[in-house]
Amino acid sequence: MRKFFISVLLTLAISLSAAAKGTNLTILYTNDLHSHLEPHIVPWVSKTRKVGGFANIATLVKREKAANPHTVYFDAGDFFTGPYVSSLTKGEAVIDAMNYLGLDAAAAGNHEFDHNWQNAQQQFSKAKFPILNGNLFVKETGKLVWDKPHIIKKVNGIRLGIIGLHGRFAFYDTTADEMIQGIEARDEEVYLRKYIKELERKTDLIVLLIHQGIPGTQSSGGTGDVARNHEKDIELARNVPGIDIMVTGHPHSGTPEPLVSNGTIIVSTDAYTIELGKLELTYDKKTDKITAYKNHFNYLFDDEVEDDPNMLAVIDKWKTRLSSITEETVTTSTRALTRSYSEESLLGNMVADAMLNSYPEYDFAVTNSGGLRQDIDAGPVSVGELISAFPFPNTVVQLEMKGSDVRAMFEHGAGLTNGILQVSKGVEMAYDESKAAGKRIVSCRIKGEPLSDEKTYKVLTSNFLADGGDGFLMFKKASRYKNTGVEMLQSMIRYMKTFERYEPRVEGRVRKH
(Lines give C-alpha, C1' and ligand atoms only; values in the text may rest on other atoms or scores of the structure.)
Protein backbone atom coordinates (compact mmCIF):
# COMPACT_ATOMS: atom_id res chain seq x y z
CA MET A 1 0.00 0.00 0.00
CA ARG A 2 2.83 2.38 0.89
CA LYS A 3 4.43 1.79 -2.52
CA PHE A 4 1.09 2.53 -4.14
CA PHE A 5 0.80 5.88 -2.36
CA ILE A 6 4.40 6.75 -3.19
CA SER A 7 3.68 5.92 -6.83
CA VAL A 8 0.55 8.11 -6.80
CA LEU A 9 2.44 10.98 -5.18
CA LEU A 10 5.25 10.74 -7.73
CA THR A 11 2.74 10.72 -10.61
CA LEU A 12 0.97 13.75 -9.11
CA ALA A 13 4.25 15.56 -8.62
CA ILE A 14 5.28 14.89 -12.22
CA SER A 15 1.91 16.06 -13.55
CA LEU A 16 2.01 19.20 -11.37
CA SER A 17 5.53 19.90 -12.61
CA ALA A 18 4.37 19.49 -16.20
CA ALA A 19 1.44 21.81 -15.56
CA ALA A 20 3.78 24.39 -14.05
CA LYS A 21 5.96 24.20 -17.12
CA GLY A 22 2.96 24.88 -19.34
CA THR A 23 2.70 24.59 -23.12
CA ASN A 24 5.67 25.34 -25.34
CA LEU A 25 5.73 27.46 -28.48
CA THR A 26 8.65 28.58 -30.66
CA ILE A 27 8.45 31.68 -32.87
CA LEU A 28 11.05 32.17 -35.59
CA TYR A 29 11.11 35.75 -36.87
CA THR A 30 12.65 38.11 -39.40
CA ASN A 31 11.99 41.61 -40.68
CA ASP A 32 13.30 43.89 -43.42
CA LEU A 33 14.56 41.06 -45.63
CA HIS A 34 14.88 43.63 -48.46
CA SER A 35 15.21 41.01 -51.20
CA HIS A 36 18.61 39.77 -49.98
CA LEU A 37 18.09 36.40 -51.61
CA GLU A 38 21.81 35.64 -51.53
CA PRO A 39 24.44 35.74 -48.75
CA HIS A 40 26.43 38.98 -48.62
CA ILE A 41 29.25 40.70 -46.79
CA VAL A 42 28.17 42.97 -43.93
CA PRO A 43 31.39 44.78 -42.91
CA TRP A 44 30.38 45.42 -39.30
CA VAL A 45 29.61 41.70 -38.87
CA SER A 46 32.57 40.27 -40.81
CA LYS A 47 34.69 41.53 -43.67
CA THR A 48 35.45 38.00 -44.89
CA ARG A 49 32.44 35.78 -44.06
CA LYS A 50 29.12 36.20 -45.85
CA VAL A 51 25.90 36.22 -43.87
CA GLY A 52 22.22 35.62 -44.57
CA GLY A 53 20.43 34.69 -47.75
CA PHE A 54 17.07 33.01 -48.33
CA ALA A 55 18.59 29.54 -48.92
CA ASN A 56 20.13 29.59 -45.43
CA ILE A 57 16.93 30.81 -43.78
CA ALA A 58 14.89 28.13 -45.60
CA THR A 59 17.24 25.43 -44.33
CA LEU A 60 17.04 26.64 -40.73
CA VAL A 61 13.25 27.02 -40.78
CA LYS A 62 12.81 23.49 -42.13
CA ARG A 63 15.28 22.16 -39.57
CA GLU A 64 13.53 23.89 -36.66
CA LYS A 65 10.05 22.80 -37.74
CA ALA A 66 11.19 19.20 -38.27
CA ALA A 67 12.78 19.08 -34.81
CA ASN A 68 9.84 20.83 -33.13
CA PRO A 69 6.40 20.84 -34.77
CA HIS A 70 5.28 23.55 -32.33
CA THR A 71 7.20 26.14 -34.33
CA VAL A 72 5.93 29.07 -36.42
CA TYR A 73 7.78 31.61 -38.57
CA PHE A 74 6.69 35.25 -38.90
CA ASP A 75 8.08 38.27 -40.79
CA ALA A 76 7.42 41.95 -40.02
CA GLY A 77 7.59 43.37 -43.55
CA ASP A 78 9.81 45.17 -46.08
CA PHE A 79 10.68 42.11 -48.11
CA PHE A 80 10.82 44.13 -51.37
CA THR A 81 13.58 46.56 -52.47
CA GLY A 82 17.26 45.76 -52.12
CA PRO A 83 19.41 43.78 -54.57
CA TYR A 84 18.36 44.12 -58.22
CA VAL A 85 16.13 41.03 -58.36
CA SER A 86 13.34 42.91 -56.57
CA SER A 87 13.52 46.13 -58.59
CA LEU A 88 13.69 44.44 -61.99
CA THR A 89 10.68 42.19 -61.24
CA LYS A 90 8.72 44.70 -59.11
CA GLY A 91 8.84 42.22 -56.24
CA GLU A 92 7.58 39.17 -58.15
CA ALA A 93 10.85 37.25 -57.73
CA VAL A 94 10.87 37.99 -53.99
CA ILE A 95 7.35 36.63 -53.47
CA ASP A 96 8.27 33.56 -55.53
CA ALA A 97 11.28 32.92 -53.26
CA MET A 98 9.36 33.66 -50.07
CA ASN A 99 6.91 30.91 -50.98
CA TYR A 100 9.75 28.48 -50.15
CA LEU A 101 10.79 30.06 -46.83
CA GLY A 102 8.21 28.27 -44.67
CA LEU A 103 6.46 31.43 -43.51
CA ASP A 104 3.26 31.20 -41.46
CA ALA A 105 2.46 34.92 -41.84
CA ALA A 106 4.08 38.23 -42.82
CA ALA A 107 3.13 41.88 -42.39
CA ALA A 108 3.22 44.33 -45.30
CA GLY A 109 5.98 46.96 -45.07
CA ASN A 110 6.30 50.36 -46.75
CA HIS A 111 8.75 49.13 -49.42
CA GLU A 112 6.19 46.67 -50.73
CA PHE A 113 4.62 49.82 -52.24
CA ASP A 114 7.73 51.10 -54.05
CA HIS A 115 6.22 50.22 -57.43
CA ASN A 116 2.74 51.58 -56.50
CA TRP A 117 -0.01 50.04 -54.42
CA GLN A 118 -1.74 48.31 -57.32
CA ASN A 119 1.48 46.40 -57.99
CA ALA A 120 1.60 45.43 -54.31
CA GLN A 121 -1.88 43.93 -54.62
CA GLN A 122 -0.85 42.04 -57.75
CA GLN A 123 2.31 40.60 -56.21
CA PHE A 124 0.66 39.76 -52.87
CA SER A 125 -1.90 37.63 -54.76
CA LYS A 126 0.96 35.29 -55.77
CA ALA A 127 1.94 34.56 -52.16
CA LYS A 128 1.27 31.07 -50.79
CA PHE A 129 1.56 32.38 -47.22
CA PRO A 130 -0.70 34.93 -45.47
CA ILE A 131 0.28 38.59 -45.90
CA LEU A 132 -1.46 40.69 -43.27
CA ASN A 133 -2.42 44.35 -43.00
CA GLY A 134 -5.40 45.94 -41.33
CA ASN A 135 -4.95 49.72 -41.56
CA LEU A 136 -4.10 50.63 -45.17
CA PHE A 137 -7.24 51.66 -47.06
CA VAL A 138 -8.24 52.60 -50.61
CA LYS A 139 -9.70 56.13 -50.35
CA GLU A 140 -12.26 55.72 -53.12
CA THR A 141 -13.84 52.52 -51.77
CA GLY A 142 -12.99 52.64 -48.07
CA LYS A 143 -11.85 49.02 -48.32
CA LEU A 144 -8.54 47.60 -47.15
CA VAL A 145 -5.79 47.64 -49.76
CA TRP A 146 -5.15 44.01 -48.82
CA ASP A 147 -8.19 42.52 -47.11
CA LYS A 148 -6.51 40.25 -44.58
CA PRO A 149 -6.06 42.07 -41.25
CA HIS A 150 -5.54 38.96 -39.12
CA ILE A 151 -5.61 35.17 -38.96
CA ILE A 152 -5.97 32.56 -36.22
CA LYS A 153 -3.48 29.70 -36.09
CA LYS A 154 -3.47 26.84 -33.58
CA VAL A 155 -0.05 25.60 -32.49
CA ASN A 156 0.41 22.94 -29.79
CA GLY A 157 -3.10 23.67 -28.60
CA ILE A 158 -2.40 27.42 -28.32
CA ARG A 159 -4.72 29.60 -30.37
CA LEU A 160 -2.67 32.46 -31.84
CA GLY A 161 -4.43 35.58 -33.07
CA ILE A 162 -1.97 37.13 -35.56
CA ILE A 163 -2.53 40.77 -36.59
CA GLY A 164 -0.69 42.75 -39.29
CA LEU A 165 -0.41 46.56 -39.16
CA HIS A 166 1.73 49.43 -40.44
CA GLY A 167 2.71 52.51 -38.44
CA ARG A 168 1.03 55.54 -39.98
CA PHE A 169 4.03 57.86 -39.59
CA ALA A 170 6.47 55.29 -40.94
CA PHE A 171 4.29 54.66 -43.99
CA TYR A 172 4.11 58.30 -45.08
CA ASP A 173 7.65 59.18 -44.00
CA THR A 174 9.45 56.59 -46.12
CA THR A 175 7.16 55.83 -49.08
CA ALA A 176 7.35 57.81 -52.32
CA ASP A 177 4.23 59.98 -52.42
CA GLU A 178 3.33 59.26 -56.04
CA MET A 179 3.30 55.50 -55.40
CA ILE A 180 0.59 55.69 -52.73
CA GLN A 181 -1.77 58.21 -54.29
CA GLY A 182 -5.30 56.95 -53.66
CA ILE A 183 -4.64 55.04 -50.45
CA GLU A 184 -4.31 56.09 -46.83
CA ALA A 185 -2.77 54.72 -43.65
CA ARG A 186 -5.08 55.00 -40.66
CA ASP A 187 -4.19 55.17 -36.96
CA GLU A 188 -2.58 51.85 -36.01
CA GLU A 189 -3.63 52.17 -32.36
CA VAL A 190 -7.32 52.47 -33.26
CA TYR A 191 -7.24 49.40 -35.49
CA LEU A 192 -5.09 47.41 -33.10
CA ARG A 193 -7.72 47.87 -30.39
CA LYS A 194 -10.42 46.87 -32.86
CA TYR A 195 -8.69 43.65 -33.92
CA ILE A 196 -7.71 42.67 -30.37
CA LYS A 197 -11.38 43.00 -29.40
CA GLU A 198 -12.38 40.80 -32.36
CA LEU A 199 -9.83 38.13 -31.47
CA GLU A 200 -9.48 38.09 -27.69
CA ARG A 201 -12.36 35.67 -27.01
CA LYS A 202 -11.32 33.32 -29.81
CA THR A 203 -7.61 33.14 -29.01
CA ASP A 204 -5.11 32.53 -26.23
CA LEU A 205 -2.26 34.80 -27.37
CA ILE A 206 -2.20 37.91 -29.54
CA VAL A 207 0.80 38.25 -31.88
CA LEU A 208 1.29 41.61 -33.60
CA LEU A 209 3.38 41.84 -36.78
CA ILE A 210 4.01 45.53 -37.33
CA HIS A 211 6.20 47.82 -39.42
CA GLN A 212 6.71 51.14 -37.66
CA GLY A 213 9.04 53.55 -35.89
CA ILE A 214 12.22 55.30 -36.91
CA PRO A 215 13.50 54.20 -40.34
CA GLY A 216 16.67 52.18 -40.14
CA THR A 217 19.40 52.24 -42.72
CA GLN A 218 22.61 50.38 -42.09
CA SER A 219 25.71 52.04 -43.41
CA SER A 220 28.91 50.16 -44.11
CA GLY A 221 29.97 50.93 -40.55
CA GLY A 222 26.89 49.40 -38.97
CA THR A 223 24.32 51.10 -36.80
CA GLY A 224 26.73 52.90 -34.49
CA ASP A 225 26.70 56.18 -36.40
CA VAL A 226 23.11 57.00 -35.45
CA ALA A 227 20.82 55.85 -32.65
CA ARG A 228 17.81 53.98 -33.90
CA ASN A 229 15.60 52.23 -31.40
CA HIS A 230 12.19 50.80 -30.76
CA GLU A 231 10.64 53.66 -28.84
CA LYS A 232 7.47 53.52 -30.98
CA ASP A 233 7.04 49.81 -30.26
CA ILE A 234 7.39 50.37 -26.52
CA GLU A 235 4.91 53.24 -26.69
CA LEU A 236 2.36 51.22 -28.69
CA ALA A 237 2.48 48.34 -26.21
CA ARG A 238 2.08 50.80 -23.36
CA ASN A 239 -0.93 52.46 -24.99
CA VAL A 240 -2.74 49.32 -26.17
CA PRO A 241 -3.04 46.47 -23.62
CA GLY A 242 -3.50 42.93 -24.82
CA ILE A 243 -0.50 42.35 -27.13
CA ASP A 244 1.43 39.28 -25.96
CA ILE A 245 4.18 39.20 -28.61
CA MET A 246 5.24 41.92 -31.04
CA VAL A 247 7.45 41.12 -34.02
CA THR A 248 8.45 44.48 -35.42
CA GLY A 249 10.38 45.93 -38.34
CA HIS A 250 11.57 49.24 -39.86
CA PRO A 251 14.29 50.39 -37.41
CA HIS A 252 16.74 47.68 -38.60
CA SER A 253 17.73 47.35 -34.95
CA GLY A 254 17.91 43.85 -33.52
CA THR A 255 16.91 42.76 -30.03
CA PRO A 256 19.31 40.10 -28.68
CA GLU A 257 17.43 40.61 -25.42
CA PRO A 258 13.70 41.06 -26.05
CA LEU A 259 12.17 44.35 -24.97
CA VAL A 260 9.22 44.17 -22.60
CA SER A 261 6.58 46.90 -22.38
CA ASN A 262 3.27 46.57 -20.53
CA GLY A 263 3.72 42.80 -20.57
CA THR A 264 4.38 42.70 -24.34
CA ILE A 265 7.49 40.82 -25.50
CA ILE A 266 9.03 42.78 -28.42
CA VAL A 267 11.52 41.23 -30.86
CA SER A 268 13.20 42.29 -34.10
CA THR A 269 16.29 41.51 -36.18
CA ASP A 270 18.95 43.75 -37.70
CA ALA A 271 17.45 43.22 -41.20
CA TYR A 272 18.86 42.05 -44.55
CA THR A 273 18.65 38.33 -43.48
CA ILE A 274 21.57 38.86 -41.09
CA GLU A 275 19.82 36.83 -38.37
CA LEU A 276 16.91 34.43 -37.98
CA GLY A 277 15.48 35.20 -34.55
CA LYS A 278 14.12 32.41 -32.36
CA LEU A 279 11.84 33.12 -29.40
CA GLU A 280 10.95 30.13 -27.19
CA LEU A 281 7.86 30.62 -25.01
CA THR A 282 6.03 28.72 -22.27
CA TYR A 283 2.33 29.48 -21.96
CA ASP A 284 0.17 28.52 -18.97
CA LYS A 285 -3.43 28.05 -20.10
CA LYS A 286 -4.79 28.10 -16.55
CA THR A 287 -3.41 31.54 -15.77
CA ASP A 288 -3.52 32.68 -19.41
CA LYS A 289 0.04 33.97 -19.12
CA ILE A 290 3.43 33.48 -20.72
CA THR A 291 5.42 32.08 -17.80
CA ALA A 292 8.86 31.91 -19.41
CA TYR A 293 10.68 32.90 -22.59
CA LYS A 294 14.14 32.72 -24.08
CA ASN A 295 15.49 34.44 -27.18
CA HIS A 296 18.16 33.03 -29.50
CA PHE A 297 19.81 35.64 -31.68
CA ASN A 298 22.95 34.90 -33.69
CA TYR A 299 24.44 36.00 -36.99
CA LEU A 300 23.52 33.63 -39.81
CA PHE A 301 26.92 32.83 -41.33
CA ASP A 302 26.73 31.26 -44.78
CA ASP A 303 29.61 28.87 -44.13
CA GLU A 304 27.77 27.32 -41.18
CA VAL A 305 24.51 26.41 -42.94
CA GLU A 306 23.81 24.16 -45.91
CA ASP A 307 21.77 25.85 -48.65
CA ASP A 308 18.22 24.69 -49.24
CA PRO A 309 18.26 23.20 -52.79
CA ASN A 310 14.70 24.23 -53.66
CA MET A 311 15.43 27.84 -52.75
CA LEU A 312 18.69 27.80 -54.71
CA ALA A 313 16.80 26.65 -57.79
CA VAL A 314 14.35 29.56 -57.48
CA ILE A 315 17.15 32.10 -57.01
CA ASP A 316 19.14 30.71 -59.97
CA LYS A 317 16.01 30.84 -62.15
CA TRP A 318 15.56 34.57 -61.58
CA LYS A 319 19.27 35.38 -61.87
CA THR A 320 19.39 33.64 -65.25
CA ARG A 321 16.31 35.51 -66.50
CA LEU A 322 17.81 38.87 -65.55
CA SER A 323 21.46 38.24 -66.43
CA SER A 324 21.33 40.01 -69.81
CA ILE A 325 20.59 43.25 -67.97
CA THR A 326 22.53 42.87 -64.74
CA GLU A 327 25.85 41.57 -66.03
CA GLU A 328 26.69 44.55 -68.25
CA THR A 329 29.89 46.21 -66.98
CA VAL A 330 29.89 50.02 -66.96
CA THR A 331 33.36 50.78 -65.55
CA THR A 332 35.99 49.62 -63.07
CA SER A 333 36.27 51.21 -59.63
CA THR A 334 39.62 51.45 -57.86
CA ARG A 335 37.95 51.37 -54.43
CA ALA A 336 34.78 49.94 -52.91
CA LEU A 337 31.87 52.38 -52.95
CA THR A 338 30.69 52.30 -49.35
CA ARG A 339 27.85 54.02 -47.47
CA SER A 340 27.49 56.15 -44.35
CA TYR A 341 24.54 57.53 -42.45
CA SER A 342 26.38 60.38 -40.78
CA GLU A 343 29.05 61.68 -43.16
CA GLU A 344 30.20 61.82 -46.75
CA SER A 345 30.36 58.41 -48.41
CA LEU A 346 31.92 57.23 -51.64
CA LEU A 347 28.64 55.79 -52.86
CA GLY A 348 26.75 58.95 -51.93
CA ASN A 349 29.25 61.09 -53.81
CA MET A 350 28.82 58.99 -56.95
CA VAL A 351 25.00 59.07 -56.93
CA ALA A 352 24.88 62.85 -56.38
CA ASP A 353 27.61 63.53 -58.96
CA ALA A 354 25.71 61.40 -61.49
CA MET A 355 22.67 63.65 -61.21
CA LEU A 356 24.81 66.78 -61.57
CA ASN A 357 26.56 65.26 -64.58
CA SER A 358 23.15 64.92 -66.27
CA TYR A 359 22.28 68.58 -65.60
CA PRO A 360 25.59 70.48 -65.11
CA GLU A 361 23.84 73.86 -65.24
CA TYR A 362 22.46 73.21 -61.74
CA ASP A 363 24.27 74.32 -58.58
CA PHE A 364 24.39 70.97 -56.78
CA ALA A 365 22.60 67.65 -56.19
CA VAL A 366 21.61 65.81 -53.03
CA THR A 367 20.40 62.30 -52.25
CA ASN A 368 19.28 60.71 -49.00
CA SER A 369 21.59 58.31 -47.17
CA GLY A 370 18.66 55.95 -46.65
CA GLY A 371 18.32 55.41 -50.38
CA LEU A 372 21.75 53.78 -50.57
CA ARG A 373 21.16 50.11 -49.89
CA GLN A 374 24.26 48.12 -50.78
CA ASP A 375 27.99 48.73 -51.15
CA ILE A 376 29.71 48.18 -54.50
CA ASP A 377 32.96 46.22 -54.36
CA ALA A 378 36.18 47.44 -55.94
CA GLY A 379 36.76 46.15 -59.47
CA PRO A 380 34.32 45.84 -62.39
CA VAL A 381 31.03 47.64 -61.73
CA SER A 382 27.93 46.04 -63.25
CA VAL A 383 24.45 47.39 -63.89
CA GLY A 384 23.16 44.83 -61.41
CA GLU A 385 25.39 46.28 -58.69
CA LEU A 386 24.18 49.81 -59.44
CA ILE A 387 20.56 48.68 -59.15
CA SER A 388 21.27 46.90 -55.88
CA ALA A 389 23.02 49.99 -54.53
CA PHE A 390 20.08 52.24 -55.46
CA PRO A 391 17.06 49.95 -55.95
CA PHE A 392 14.29 52.55 -56.07
CA PRO A 393 12.45 53.63 -59.24
CA ASN A 394 13.11 57.27 -58.37
CA THR A 395 13.49 60.00 -60.98
CA VAL A 396 15.60 63.16 -61.03
CA VAL A 397 13.72 66.33 -60.06
CA GLN A 398 14.88 69.90 -60.78
CA LEU A 399 14.12 72.43 -58.05
CA GLU A 400 14.70 76.09 -57.34
CA MET A 401 15.01 76.69 -53.60
CA LYS A 402 15.60 79.65 -51.35
CA GLY A 403 18.87 79.50 -49.42
CA SER A 404 17.06 79.44 -46.08
CA ASP A 405 15.25 76.27 -47.15
CA VAL A 406 18.53 74.75 -48.32
CA ARG A 407 19.95 75.48 -44.87
CA ALA A 408 16.86 73.88 -43.29
CA MET A 409 17.26 70.70 -45.34
CA PHE A 410 20.89 70.35 -44.26
CA GLU A 411 19.80 71.01 -40.67
CA HIS A 412 17.23 68.22 -40.81
CA GLY A 413 19.84 65.83 -42.13
CA ALA A 414 22.30 66.87 -39.42
CA GLY A 415 19.79 65.78 -36.78
CA LEU A 416 20.45 62.22 -38.05
CA THR A 417 16.84 61.17 -37.61
CA ASN A 418 16.88 60.12 -41.25
CA GLY A 419 20.59 60.52 -41.95
CA ILE A 420 22.59 63.31 -43.57
CA LEU A 421 22.14 64.30 -47.19
CA GLN A 422 24.84 63.02 -49.52
CA VAL A 423 25.98 65.86 -51.80
CA SER A 424 27.60 66.43 -55.17
CA LYS A 425 30.95 68.08 -55.79
CA GLY A 426 30.99 71.80 -55.05
CA VAL A 427 29.34 71.44 -51.64
CA GLU A 428 31.29 71.63 -48.37
CA MET A 429 29.23 71.26 -45.20
CA ALA A 430 30.26 70.72 -41.58
CA TYR A 431 27.81 70.05 -38.77
CA ASP A 432 27.65 69.39 -35.04
CA GLU A 433 24.80 67.06 -34.12
CA SER A 434 25.15 67.89 -30.42
CA LYS A 435 23.95 71.46 -30.98
CA ALA A 436 20.31 72.52 -30.72
CA ALA A 437 18.03 72.06 -33.71
CA GLY A 438 18.48 74.95 -36.14
CA LYS A 439 22.08 75.52 -35.10
CA ARG A 440 23.75 72.29 -36.16
CA ILE A 441 25.24 73.59 -39.43
CA VAL A 442 28.66 74.95 -38.51
CA SER A 443 29.61 75.94 -42.04
CA CYS A 444 28.28 75.46 -45.56
CA ARG A 445 29.72 76.55 -48.89
CA ILE A 446 28.17 76.07 -52.34
CA LYS A 447 30.56 76.29 -55.29
CA GLY A 448 33.11 78.04 -53.08
CA GLU A 449 30.72 80.68 -51.70
CA PRO A 450 29.07 80.71 -48.25
CA LEU A 451 25.45 79.56 -48.31
CA SER A 452 23.21 82.64 -48.52
CA ASP A 453 19.71 82.46 -47.03
CA GLU A 454 18.44 85.03 -49.54
CA LYS A 455 19.86 83.51 -52.69
CA THR A 456 17.90 81.08 -54.90
CA TYR A 457 19.70 77.83 -55.70
CA LYS A 458 19.10 75.33 -58.50
CA VAL A 459 18.98 71.93 -56.81
CA LEU A 460 18.75 68.38 -58.16
CA THR A 461 17.33 65.52 -56.11
CA SER A 462 15.08 62.46 -56.31
CA ASN A 463 11.31 62.66 -56.56
CA PHE A 464 11.19 60.89 -53.18
CA LEU A 465 12.98 63.77 -51.44
CA ALA A 466 11.37 66.47 -53.57
CA ASP A 467 7.98 65.24 -52.35
CA GLY A 468 9.07 65.52 -48.70
CA GLY A 469 10.26 61.96 -48.06
CA ASP A 470 12.30 61.11 -44.94
CA GLY A 471 10.87 64.21 -43.27
CA PHE A 472 12.57 66.66 -45.66
CA LEU A 473 9.42 68.75 -45.98
CA MET A 474 11.34 71.92 -46.86
CA PHE A 475 11.79 70.57 -50.41
CA LYS A 476 8.07 71.13 -50.89
CA LYS A 477 8.65 74.90 -50.52
CA ALA A 478 10.58 75.02 -53.81
CA SER A 479 9.54 77.86 -56.10
CA ARG A 480 10.05 75.61 -59.13
CA TYR A 481 9.55 71.85 -59.42
CA LYS A 482 10.15 69.83 -62.57
CA ASN A 483 10.28 66.05 -62.66
CA THR A 484 12.60 65.20 -65.54
CA GLY A 485 11.28 61.64 -65.80
CA VAL A 486 14.91 60.47 -65.98
CA GLU A 487 15.50 57.56 -63.61
CA MET A 488 18.33 58.09 -61.17
CA LEU A 489 19.63 54.66 -62.10
CA GLN A 490 20.01 55.78 -65.72
CA SER A 491 21.93 58.88 -64.64
CA MET A 492 24.26 56.61 -62.64
CA ILE A 493 24.82 54.24 -65.56
CA ARG A 494 25.55 57.09 -67.99
CA TYR A 495 27.87 58.80 -65.53
CA MET A 496 29.89 55.69 -64.69
CA LYS A 497 30.29 54.87 -68.38
CA THR A 498 32.25 58.12 -68.81
CA PHE A 499 35.10 56.60 -66.77
CA GLU A 500 37.51 53.96 -67.97
CA ARG A 501 38.60 53.74 -64.34
CA TYR A 502 36.53 55.38 -61.61
CA GLU A 503 38.71 56.63 -58.75
CA PRO A 504 36.48 57.55 -55.79
CA ARG A 505 37.85 59.52 -52.86
CA VAL A 506 36.59 61.26 -49.75
CA GLU A 507 36.81 65.02 -50.35
CA GLY A 508 35.41 66.58 -47.17
CA ARG A 509 32.00 67.31 -48.66
CA VAL A 510 30.11 66.43 -45.46
CA ARG A 511 31.91 66.10 -42.17
CA LYS A 512 31.29 66.14 -38.45
CA HIS A 513 32.67 69.22 -36.72
Worksheet item: Name the residues in the stretch 163-205 that are surrounded by 16 or more Cβ atoms within 10 Å (Cβ to Cβ) and in a strand (DSSP E or B), would you?
Response: Ile163, Gly164, Leu165, His166, Ile183, Ala185, Leu205
Fill in: Pair list, Cβ under 8 Å, 6 or more apart: the stretch 338-351 residue assigned to a helix (DSSP H, G or I), other residue acidic (Asp, Glu) and surrounded by fewer than 24 Cβ atoms within 10 Å (Cβ to Cβ)
Leu347/Asp375; Asn349/Glu507
Practice prompt. Identify, by number, the condition in (1) closer than 30 Å to Gln422 by Cβ; (2) crowded, with 18+ Cβ neighbours inside 10 Å; (3) over 27 Å from the mean Cα position of the chain (by Cα) that Ser345 doesn't meet.
Written response: (3)
Worksheet entry | Condition check for Asn295: within 24 Å of Ala76 (Cβ to Cβ) and surrounded by fewer than 16 Cβ atoms within 10 Å (Cβ to Cβ) | no
Worksheet item: Is it the case that some residue within the stretch 301-309 is within 27 Å of Gln212 (Cα to Cα), over 18 Å from the mean Cα position of the chain (by Cα) and either part of a loop (DSSP other than H, G, I, E, B) or of a type in the set (S, T, N, Q) (or both)?
Response: no
Worksheet item: Ala352 is checked against (1) within 24 Å of Ile95 (Cβ to Cβ); (2) under 26 Å from the mean Cα position of the chain (by Cα) and fails just one. What number does that condition carry?
Response: (1)
Worksheet item: Out of Trp117, Trp44, which single residue is modelled with pLDDT under 95, in contact with a strand residue (DSSP E or B) (Cβ under 6 Å, 6 or more places away or on another chain) and not assigned by TED's automatic domain parsing to the domain that holds Arg339?
Response: Trp44
Response to the item:
Of the residues in the stretch 104-138 that are part of a loop (DSSP other than H, G, I, E, B) and in contact (Cβ under 8 Å) with a residue 40 or more places away in the chain, the one that is surrounded by the most Cβ atoms within 10 Å (Cβ to Cβ) is Gly109
Item to complete: Taking Leu451 as the residue in question, decide whether it is over 30 Å from Glu328 (Cβ atoms) and either free of Cβ contacts under 8 Å to residues at least 40 places away in the same chain or surrounded by 14 or more Cβ atoms within 10 Å (Cβ to Cβ) (or both).
Response: yes
Discussion item. Can you tell me which of (1) in a strand (DSSP E or B); (2) touching a Pro at 6+ places or on another chain (Cβ under 7 Å) is the one Met401 doesn't meet?
Written reply: (2)
Discussion item. On the basis of being of a type in the set (Phe, Trp, Tyr) and either part of a strand (DSSP E or B) or closer than 19 Å to Glu344 by Cβ (or both), does Phe475 make the cut?
Written reply: no
Practice prompt. Check off (1) more than 22 Å from Ala176 (Cα to Cα); (2) of a type in the set (D, E, K, R); (3) buried (at least 19 other Cβ atoms within 10 Å of the Cβ) for Asp470 and give me the number that stays unchecked.
Written response: (1)
Item to complete: Please give the number of the condition Val423 fails out of (1) of a type in the set (A, V, I, L, M); (2) at pLDDT below 95; (3) in contact with a strand residue (DSSP E or B) (Cβ under 9 Å, 6 or more places away or on another chain).
Response: (2)
Item to complete: Name every residue in the stretch 407-431 that is in contact with a helix residue (DSSP H, G or I) (Cβ under 8 Å, 6 or more places away or on another chain) and of a type in the set (A, V, I, L, M, F, W, C), in order of residue number.
Response: Ala408, Met409, Ile420, Leu421, Val423, Met429
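Here's the yes/no breakdown for (1) in contact with a strand residue (DSSP E or B) (Cβ under 6 Å, 6 or more places away or on another chain); (2) modelled with pLDDT of 95 or more:
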residue	(1), (2)
Val442	yes, yes
Arg445	yes, yes
Thr461	yes, yes
Gly468	no, no
Gly471	no, no
Ser479	yes, yes
Gly485	yes, no
Met496	yes, yes
Practice prompt. Give the number of residues within the stretch 371-382 that are at pLDDT 95 or above and surrounded by fewer than 21 Cβ atoms within 10 Å (Cβ to Cβ).
Written response: 4
Item to complete: Among the strands (runs of 3 or more DSSP E) lying completely within the stretch 37-89, list those that include at least 3 residues that are crowded, with 22+ Cβ neighbours inside 10 Å.
Response: 71-75
Response to the item:
Those residues of the stretch 19-36 that are touching a strand residue (DSSP E or B) at 6+ places or on another chain (Cβ under 8 Å) and either within 20 Å of His211 (Cα to Cα) or surrounded by 24 or more Cβ atoms within 10 Å (Cβ to Cβ) (or both) come to a total of 8
Fill in: Of all residues in the stretch 300-331 being hydroxyl-bearing (Ser, Thr, Tyr) and surrounded by 16 or more Cβ atoms within 10 Å (Cβ to Cβ), the one that is farthest from Gly379 (Cα to Cα)
Thr326
Worksheet entry | Pair list, Cβ under 8 Å, 6 or more apart: the stretch 462-480 residue under 17 Å from Ser369 (Cα atoms), other residue aromatic (Phe, Trp, Tyr) and in a helix (DSSP H, G or I) | Leu465/Phe475; Ala466/Phe475; Asp467/Phe475; Gly468/Phe475; Asp470/Phe464
Item to complete: Hey, could you check the stretch 139-154 for residues that are in a loop (DSSP other than H, G, I, E, B) and free of Cβ contacts under 8 Å to residues at least 12 places away in the same chain and say which is nearest to Thr71 (Cα to Cα)?
Response: Asp147
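Table: residues versus (1) at pLDDT below 95; (2) β-branched (Val, Ile, Thr).
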| position | (1), (2) |
| --- | --- |
| Ser333 | no, no |
| Glu343 | yes, no |
| Asp353 | no, no |
| Val366 | no, yes |
| Ser369 | yes, no |
| Leu386 | no, no |
| Val396 | no, yes |
| Leu399 | no, no |
| Gly413 | yes, no |
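The values are calculated or read from the model by the stated rules, or taken from the named source; none is laboratory data. Model, not experiment: these values are computed from the prediction. Positions of Cβ are generated from backbone atoms using ideal geometry, with glycine treated the same way; all protein chains shown enter the neighbour counts.
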